[in-house]
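**Student:** Got a structure for you, questions after.
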Amino acid sequence: MKPSKLSSDQLRDISQITIADYNSRAIQFMEGTRDHDVTQNQTALLQNIGTAKPWHLLDIGCGPGRDLKSFSDMGHQVVGLDGSAEFCTLAREQSGCDVWQQDFLDLTLPDNNFDGIFANASLFHIPTQELARVLSELFNAMKMGGALLSSNPHGANKEGWQRQRYAAFHTPQQWQDHMQSAGFELIETYYRPAHLPLEQRPWLVTVWRKPHRGANESGNN
């Protein structure tokens with residue numbers, strides 16, 4: 001059964017409650033994720049960028065800035081973005097980078113600006129009915145030939161509240177359909193954590209490219 005359309009008030013509540021939960025746990029979250037190794041994801045993004053260096057990157061859902069600092073330390077120009085004011089403060093302190101406080105459902109992004117977008121454990125907070133619009137905004141913010149990496153917990157196309165955070169769990173095929181509908185071209189797919197058996201890897205990682213004009217956008221390369 002198709003879920004009922006969320007009202008503007010419900011969407012506002014989803015953002016506010018989810019962000020408030022992250023704000024209340026910002027230090028705990030930072031300490032709990034500090035040693036998470038996501039170099040596999042960082043490498044997958046960088047090795048698939050098809051534009052010329054130097055690269056301008058966006059870390060959307062940057063949290064307290066762990067990956068933001070990693071990309072900056074590599075020499076890339078990187079901007080962080082998060083809805084949580086507490087995360088934004090921590091990310092600026094941890095990385096020294098520019099960090100934008102923006103709600104995922106109310107983005108203001110420059111067009112054709114980023115060579116790469118790193119969406120590690122962030123886009124699954126977007127209600128499905130708003131996903132096409134948000135993905136289109138991300139697509140427009142990328143340069144042609146740029147790459148986007150998303151890492152989301154996958155599931156059976158269900159969404160709703162997980163304690164005080166809203167989350168949508170897409171099947172791999174449904175996520176691919178959403179991304180391709182926005183114009184992205186699929187490059188790579190894998191599951192994490194890599195050291196576990198496949199059935200115990202909850203994170204679906206996909207890497208996408210914004211194709212050059214005239215390129216085949218079927219996403220089946």
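The values are calculated or read from the model by the stated rules, or taken from the named source; none is laboratory data. Treat the numbers as computed from the prediction; the structure is a model and nothing was measured. Note that each Cβ is placed from the backbone with ideal geometry, even for glycine, and that neighbours are counted across all protein chains shown.
**Student:** Check T51, T18 and return the single one that is surrounded by 13 or more Cβ atoms within 10 Å (Cβ to Cβ), of a type in the set (S, T, Y) and not in a helix (DSSP H, G or I).
**Tutor:** T51
**Student:** Continuing with this model, one more query. Working only within the stretch 165-178, note down all residues that are in contact (Cβ under 8 Å) with a residue 40 or more places away in the chain and part of a loop (DSSP other than H, G, I, E, B).
**Tutor:** H170
**Student:** Take G116 and tell me if it is part of a strand (DSSP E or B), at pLDDT 95 or above and more than 28 Å from A52 (Cβ to Cβ).
**Tutor:** Here the answer is no, as G116 does not meet what is asked.
**Student:** Here is a follow-up. Mind listing whichever residues of the stretch 86-113 are exposed (fewer than 14 other Cβ atoms within 10 Å of the Cβ) and either in a strand (DSSP E or B) or within 18 Å of the chain's Cα centre (by Cα) (or both)?
**Tutor:** D98, D106, T108, P110, D111, N112
**Student:** Quick check on this structure: which one of G63, G145, G83 is in contact (Cβ under 8 Å) with a residue 24 or more places away in the chain and more than 17 Å from S15 (Cβ to Cβ)?
**Tutor:** On inspection, the qualifying residue turns out to be G145.
Residues are listed down the side, and each one gets a yes or a no for (1) under 16 Å from the mean Cα position of the chain (by Cα); (2) over 18 Å from L107 (Cβ atoms); (3) hydrophobic (A, V, I, L, M, F, W, C):
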position: M144; (1), (2), (3): no, yes, yes
position: S150; (1), (2), (3): yes, no, no
position: G160; (1), (2), (3): no, yes, no
position: A168; (1), (2), (3): yes, no, yes
position: Y191; (1), (2), (3): yes, yes, no
position: P197; (1), (2), (3): no, yes, no
position: K210; (1), (2), (3): yes, no, no
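**Student:** Could you please let me know if S181 is within 24 Å of D35 (Cβ to Cβ), out of contact with any Pro (no Cβ under 7 Å at 6 or more places or on another chain) and either of a type in the set (G, A, S) or buried (at least 20 other Cβ atoms within 10 Å of the Cβ) (or both)?
**Tutor:** When the stated conditions are applied, S181 does not pass them.
**Student:** Which condition does T206 not pass, out of (1) touching a helix residue (DSSP H, G or I) at 6+ places or on another chain (Cβ under 8 Å); (2) among the hydroxyl-bearing types (S, T, Y); (3) farther than 22 Å from N113 by Cβ, if it passes all the others?
**Tutor:** Just one mismatch for T206, condition (3).
**Student:** I would also like to ask the following. How many residues, within the stretch 155-164, are surrounded by 16 or more Cβ atoms within 10 Å (Cβ to Cβ) and not in a loop (DSSP other than H, G, I, E, B)?
**Tutor:** 1
**Student:** Can I ask one more? Would you please name the residue that is nearest to the chain's Cα centre (by Cα), looking only at residues in the stretch 54-65 that are crowded, with 21+ Cβ neighbours inside 10 Å and outside any loop (DSSP other than H, G, I, E, B)?
**Tutor:** Taking the candidates together, the pick is I60.
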